1. Identify all residues within the stretch B:176-210 that are free of Cβ contacts under 8 Å to residues at least 12 places away in the same chain and open to solvent by less than 20 Å² (accessible area, probe 1.4 Å); write none if there are none.
2. Checking residue B:196 against (1) within 14 Å of chain A (Cβ to nearest Cβ); (2) of a type in the set (Val, Ile, Thr); (3) part of a helix (DSSP H, G or I), only one condition comes out false. Which one?
3. Could you please tell me which pairs satisfy a Cβ distance under 6 Å, a separation of 6+ or placement on different chains, a first residue in the stretch B:211-227 that is under 21 Å from residue B:359 (Cα atoms), and a second residue that is of a type in the set (Lys, Arg)?
4. Could you count how many residues in the stretch B:45-84 are modelled with pLDDT of 75 or more, among the hydroxyl-bearing types (Ser, Thr, Tyr) and under 18 Å from residue B:166 (Cβ atoms)?
5. If the Cβ limit is 6 Å and pairs must be 6+ apart or interchain, which residue in the stretch B:341-355 that is open to solvent by less than 40 Å² (accessible area, probe 1.4 Å) pairs with which residue that is among the hydrophobic types (A, V, I, L, M, F, W, C) and not in a helix (DSSP H, G or I)?
6. Only one of these is under 21 Å from residue B:234 (Cα atoms) and among the small types (Gly, Ala, Ser): B:327, B:343, B:306, B:337. Name it.
7. Scanning the stretch B:110-133 for residues that are at pLDDT below 85 and open to solvent by 30 Å² or more (accessible area, probe 1.4 Å), which turns out nearest to the chain's Cα centre (by Cα)?
8. Sort through A:129, A:137 and tell me the only one that's at pLDDT 95 or above and within 12 Å of chain B (Cβ to nearest Cβ).
Amino acid sequence: MNDEKTRITRLLEDASLGRAGATDALLPLVYDELRKLAAGLMSREKAGLTLQPTALVHEAYLRLLGPSPMNWQNRAHFFGAAATAMRRILIDRARHVKAARVNAVSSETDQVIAADSTPAGEMGGTHDADQLIALDAALEDLAKRDSRQHDVVMLRYFAGLTIDQTAEALSLSTGTVKNEWTYARAWLLHQIERRMSPPAPPSSPARG
Amino acid sequence: MSATHEPIALRQLFEQAALLDVAGRAELLSRVRLVQPDIADEVEGMLRHHVRDDAMLDRSPLQAAGLSVVDGRPTSGGALDYEREHGMFAEGAIVGGYTIRRVLGAGGSSIVYEATRDSDATATPIALKLIRPELATEAMVRRFDEAGATLRELRHPAIAACVAVGNLDLGGSAMGWGGHRPFVATELVCGTTAPVYANAVALSTRDKLALVAALCDAADHAHRHGVHHLRLSASHVLIGQPGAAAKIIDLAWATLTSGEAASATPLARRSHASHETPAQTDIYALGEIMYELLAGHRPRPMVGAAQLPGLSRMPVEPIGRANPSIAPGLEAIVMCALAPDPARRYARAREMAADVQRLLALPAFIDPRQAALVHRRRTRRVAVLVGAMVVVGLCVRLGWEWARSSPRVVIAPVEGSEAIGPDQGSGQTQPAK
């Protein structure tokens, strides 16, 4: 464990110095730890937990690096890796939820179409899962349009950082982070809505 | 799919529109739509999400992935202990993801806070209304969960916009039904009630009627969505600043809590007894507000009038008696809204709005100051008209005289008769007069 801690600390320092490969090497370590924590949550799903991703990320941080103080830059790199790891874990989980639901519905052949037209509220986790999958695709588009907005959303949503913490992690002003978040949030939600709404019938006129 | 246009233009338009009110946004977007319909549509879609604060990106992603079964919005440590001791949350407390700024008001069943959705101090403050924990019931929690979508759809310039509706999950240790706390977050309107404002700025009758028409239109909009206030009064109509639109507040809250709280009140029982529809309950309230705006005081029961059998409402003193300068047409609208018998009252708020609008379309219908102005204008117009008629008459007369005289000069050679001088001719034409 101590070896791993030393290794992660070194990787974080390398990442903050911009050394090639450090972030890539860091990611699987953080991913494994977060996945273990998430798996623990799955088994306690009905326990009524109230959790923000930040709780999970901090838990992973403590497990991997212990309570020792670390400079903010290193922590920022950790949160960056954690956000990416969290996104992968949650999207995988969402795909799993969706696949399980589709399989369950497929076995009741008559219900397949009905499932697609069921109101969101009755879908339980499937609607949320669909939203997460749509968000994942929209985030890929956002990364191409504006990488700064993408990074802000990753840290805010998947690592659960506040505006202030995000600003510090990205070395931006809080005003900038707030503006980027406000715009990216509205843009992403609109994209998710578009992706989730059923395609227009061929006869209707196409609109931008 | 996304980069079909220049993102910079999209962002500029979004940020510009986000600063405007609902009407300003609509106007800006309609102008942009003429030249860039794609961008206008996209920004319109983005703004729809911008004004809400309960979208998936505002919740924990763990919850979306099915890893967290409750709300996941944070509550600061000690917030619940403070509430238990003082009956309300402390300033600065984080409750279900909202940061409390100050208490705006405390009633028997609820407390209203000014709050922000984020811990960020620059976030736009909203009005956060929470049920008192001891009054939260399972049925109420369910109703708040189910009604959210409908209430958020209610968008009208004269209704304080509903930002979020639901239950804050404060955890099992919190007071209330299962730690659930029904809440409504709305646009924050800090201002005065409509009658106080009207009095303070000496609002003209025309402006008062325009205000009433907007309120009727808003009520009709809500009624069409199946939402009724049922506790509407002048204190629920606020104006934030001079010239701003009046806003009906508490609509979402009233409609969600009326089933339990209001049905127990004598008023609601009487309403049922008199076969008043929910829309007519609101219309009666609109009549009371209109009466107060025009007469300067609330309607008083008519002296000596007895309550009619089967009716819950007492006849009120006609507004013409309270304010003799009120025109009969205007009095008819107010008294129709306040008719004790629902059969004689407006059935729909839009009928009342239409009558007020019709009156507003008439020139100088009632306002004494306006009437005097129009009277002066009309007198001036009549004077100009009479003057013009005199001039035209004179011209006609002179032309006729000239016509009568000149043909003789011209025609005479044709007829071969003797030319007669104009003076002689004119002298001959005069006797008829």
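The values are calculated or read from the model by the stated rules, or taken from the named source; none is laboratory data. What you see is a predicted model; the values in this text were computed from it and never measured. Heads up, the Cβs are rebuilt from the backbone with ideal geometry, glycines too, and the neighbour counts pull from every protein chain shown. Ligands, DNA and RNA are excluded from the accessible area calculation, which covers all protein heavy atoms including side chains. Shrake-Rupley method; radii C 1.70, N 1.55, O 1.52, S 1.80 Å.
1. Correct list: B:179 only.
2. Going through the list (1) within 14 Å of chain A (Cβ to nearest Cβ); (2) of a type in the set (Val, Ile, Thr); (3) part of a helix (DSSP H, G or I), residue B:196 breaks only (1).
3. Listed pairs, sorted by first residue: B:220/B:350.
4. 1
5. Note: pairs meeting the criteria are B:345/B:339.
6. Values: B:327 fails: under 21 Å from residue B:234 (Cα atoms); B:343 fails: under 21 Å from residue B:234 (Cα atoms); B:306 fails: under 21 Å from residue B:234 (Cα atoms).
Going through B:327, B:343, B:306, B:337 in turn, the sole match is B:337.
7. Going residue by residue through the stretch B:110-133, those that are at pLDDT below 85 are B:117-124.
Still in the list and also open to solvent by 30 Å² or more (accessible area, probe 1.4 Å): B:117-119, B:121-122, B:124.
On the way: B:117: 26, B:118: 30, B:119: 32, B:121: 30, B:122: 29, B:124: 23 Å.
The qualifying residue nearest to the chain's Cα centre (by Cα) is B:124.
8. Numbers: A:129 fails: at pLDDT 95 or above.
A:137 is the lone residue from the list that is at pLDDT 95 or above and within 12 Å of chain B (Cβ to nearest Cβ).
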